[in-house]
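Engineer: First the structure, which I've put down as structure tokens, then a few questions once you've had a look.
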Amino acid sequence: EDQVTQSPEALRLQEGESSSLNCSYTVSGLRGLFWYRQDPGKGPEFLFTLYSAGEEKEKERLKATLTKKESFLHITAPKPEDSATYLCAGQVRGGSNYKLTFGKGTLLTVNP
Amino acid sequence: EAQVTQNPRYLITVTGKKLTVTCSQNMNHEYMSWYRQDPGLGLRQIYYSMNVEVTDKGDVPEGYKVSRKEKRNFPLILESPSPNQTSLYFCASSLSGDTQYFGPGTRLTVL
């Protein structure tokens with residue numbers, strides 16, 4: 001069974017305190033590893049897609065990396081506006097279905 | 001503005017009263033999908049559609065129906081809602097199945 005596990009469940013940081021979120025996956029036939037940001041009461045907002053081990057992508061204070069078993073979302077010098085739930089998802093292609101299998105998310109709180 | 005819209009955003013209904021949640025996208029995407037999000041369970045796929053008139057089940061399709069008569073629209077139908085369908089529902093669309101863009105969500109409560 002495909003599984004995506006995120007840790008920690010919640011993380012509280014001080015503004016400027018860098019850290020990393022972890023996403024480990026056991027997804028057979030992984031097509032891509034996705035990171036989304038979700039604010040309360042809103043839909044997931046796309047951040048990154050990673051396709052192969054060793055790949056890295058950056059956007060502002062965020063950098064996503066991928067190995068064969070896990071992905072990390074590194075947050076450098078976070079600001080309060082980075083507070084959100086970060087979701088990781090593995091995508092497989094089954095026939096015509098590009099299903100995303102999501103982890104339960106990491107709730108990040110950045111205090112000023 | 002490129003977007004996925006859902007209506008209604010909030011709905012409170014009673015057991016057994018048929019309802020439809022609409023989803024529309026203006027990006028000419030071929031792939032559309034419905035997910036539900038529940039505390040402790042995360043997002044789970046209900047149904048998906050690869051193109052007009054082509055739909056198939058996801059992981060949790062029981063109690064739901066969908067149709068895709070037009071490329072831009074993918075409504076979710078609950079013919080006889082039950083309390084265990086109380087959830088937050090998201091529609092997503094994708095050009096070819098790759099990056100999926102999500103709508104704002106519909107919070108459904110079934111009493």
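Engineer: Order of A:80-88, A:59-67 by packing, highest average Cβ count within 10 Å first? Intermediate results must be reported in sequence, preceding the final value.
Structural biologist: Details: A:80-88: 19.2, A:59-67: 16.4.
Top to bottom by mean Cβ count within 10 Å: A:80-88, A:59-67.
Engineer: Once Rh for chain B is found with the Kirkwood sum over Cα pairs, what is the Stokes-Einstein diffusion coefficient at 20 °C and 1.002 mPa s, in µm²/s? Walk me through the numbers on the way to the answer.
Structural biologist: Values: Rh = 13.8 Å.
It comes out at roughly 156 µm²/s.
Engineer: Calculate the radius of gyration of the Cα atoms of the protein assembly as shown to one decimal place, then report Dmax, the largest Cα-Cα distance, as a whole number, both in Å.
Structural biologist: For the protein assembly as shown, the Cα radius of gyration and maximum Cα-Cα distance read 17.5, 51 Å.
Engineer: Further question on the same structure: In Å², nearest 100, what accessible area do chains A and B bury in total when the solvent probe is 1.4 Å?
Structural biologist: On the way: alone 6310 and 6010 Å², together 10640 Å².
About 1700 Å² of accessible surface is lost on pairing.
Engineer: Right, something else. Sorting B:46, B:12 by accessible area (1.4 Å probe), largest first, what list results?
Structural biologist: Values: B:46 0, B:12 125 Å².
Ranked list, largest accessible area first: B:12, B:46.
Engineer: Show me, for the stretch A:105-110, the HN-Hα J-couplings you get by feeding each phi into the Karplus relation (A = 6.51, B = -1.76, C = 1.60, θ = phi - 60°), rounded to Hz, glycine and proline as x.
Structural biologist: These are the phi-based 3J(HN,Hα) values: x, 10, 8, 9, 10, 10 Hz.
Engineer: Still on this structure, I have one more. Per residue of the stretch B:91-107, what does 6.51 cos²θ - 1.76 cosθ + 1.60 with θ = phi - 60° give for ³J(HN,Hα)? Whole Hz please, x for Gly and Pro, Karplus curve as stated.
Structural biologist: Karplus-based 3J(HN,Hα) across the stretch B:91-107 equals 9, 9, 9, 8, 4, 9, x, 7, 5, 9, 10, 9, x, x, x, 10, 8 Hz.
Engineer: Looking only at other chains, what is the average number of their beta-carbon atoms within 10 angstrom of each beta-carbon in A:91-102? Please list the in-between numbers first.
Structural biologist: Working: counts 4, 0, 2, 3, 2, 9, 11, 12, 9, 10, 5, 7.
What the average comes to for A:91-102 is 6.
Engineer: Quick one: what are the phi-derived ³J(HN,Hα) couplings along the stretch B:27-39, Karplus 6.51/-1.76/1.60 with θ = phi - 60°, whole Hz, x for glycine and proline?
Structural biologist: Once rounded to whole Hz, the list reads 10, 6, 6, 8, 9, 9, 8, 10, 10, 10, 10, 10, x.
Engineer: Given the pairs A:104/B:57; A:99/B:69; A:79/B:71; A:42/B:65, which span a C-alpha to C-alpha distance of over 32 angstrom in this model? Please list the in-between numbers first.
Structural biologist: On the way: A:104/B:57 22 Å; A:99/B:69 21 Å; A:79/B:71 40 Å; A:42/B:65 24 Å.
As for pairs spanning more than 32 Å Cα to Cα, those are A:79/B:71.
Engineer: When Cβ neighbours within 10 Å are restricted to other protein chains, what is their mean count per residue of peptide B:38-46? Write down the numbers at each step before the final one.
Structural biologist: On the way: counts 0, 1, 1, 2, 9, 11, 4, 6, 0.
Counting other chains' Cβ atoms within 10 Å and averaging over B:38-46 gives 4.
Engineer: Report, in debye and to the nearest 20, how large the dipole of the protein assembly as shown comes out about its Cα centre when Lys and Arg carry +1 and Asp and Glu carry -1 on their Cβ. Intermediate values should be presented prior to the final figure.
Structural biologist: Working: 26 positive and 24 negative charges, 105 e Å.
Taking the Cα centre of the protein assembly as shown as origin, the dipole is about 500 debye.
Engineer: Return one quarter of the surface area of the convex hull spanned by the alpha-carbon atoms of chain A, equal to its mean projected area, in nm².
Structural biologist: On the way: hull surface 27.2 nm².
The number I arrive at for chain A is 6.8 nm².
Engineer: Sticking with this one: Taking all protein chains in place and a 1.4 Å probe, what share, in percent, of the accessible surface of the stretch A:19-85 do carbon and sulfur account for?
Structural biologist: Values: 1600 of 3220 Å².
Solvent-exposed carbon and sulfur of the stretch A:19-85 make up 50 percent of the total.
Engineer: Could you grab the relative contact order for the stretch B:69-111? Cα pairs under 8 Å, six or more apart, rounded to a whole percent. Kindly include the intermediate steps, with their values, before the conclusion.
Structural biologist: Numbers: 42 pairs, mean separation 17.7, N = 43.
It comes to 41 percent, rounded to a whole number.
Engineer: Check which residues have an amide H placed less than 5 Å from residue B:86's amide H, if you skip close sequence neighbours.
Structural biologist: It is B:110, by chain and number.
Engineer: Rounded to the nearest 0.05, what FRET efficiency do residue B:38 and residue B:79 have when you use their Cβ-Cβ distance and R0 = 22 Å?
Structural biologist: Values: r = 20 Å, r/R0 = 0.93.
The value I calculate is 0.60.
Engineer: Counting only residues 5 or more places away or on other chains, whose amide H sits under 5 Å from the amide H of residue A:32 once H atoms are built in the peptide plane?
Structural biologist: Answer set, sorted by chain and number: A:91.
Engineer: How many nm is it between the label spots at residue A:60 and residue B:26, if each spot is 7 Å from the Cα in line with the beta carbon?
Structural biologist: Rounded to a tenth, the inter-label distance reads 2.4 nm.
The values are calculated or read from the model by the stated rules, or taken from the named source; none is laboratory data. From a predicted model like this one, the values you see are computed outputs, not experimental measurements. Glycine also receives a Cβ, built like all others from the backbone with ideal geometry; neighbour counts cover every protein chain displayed. With ligands, DNA and RNA removed, areas are computed over all heavy atoms of the protein, side chains included. Shrake-Rupley method; radii C 1.70, N 1.55, O 1.52, S 1.80 Å.
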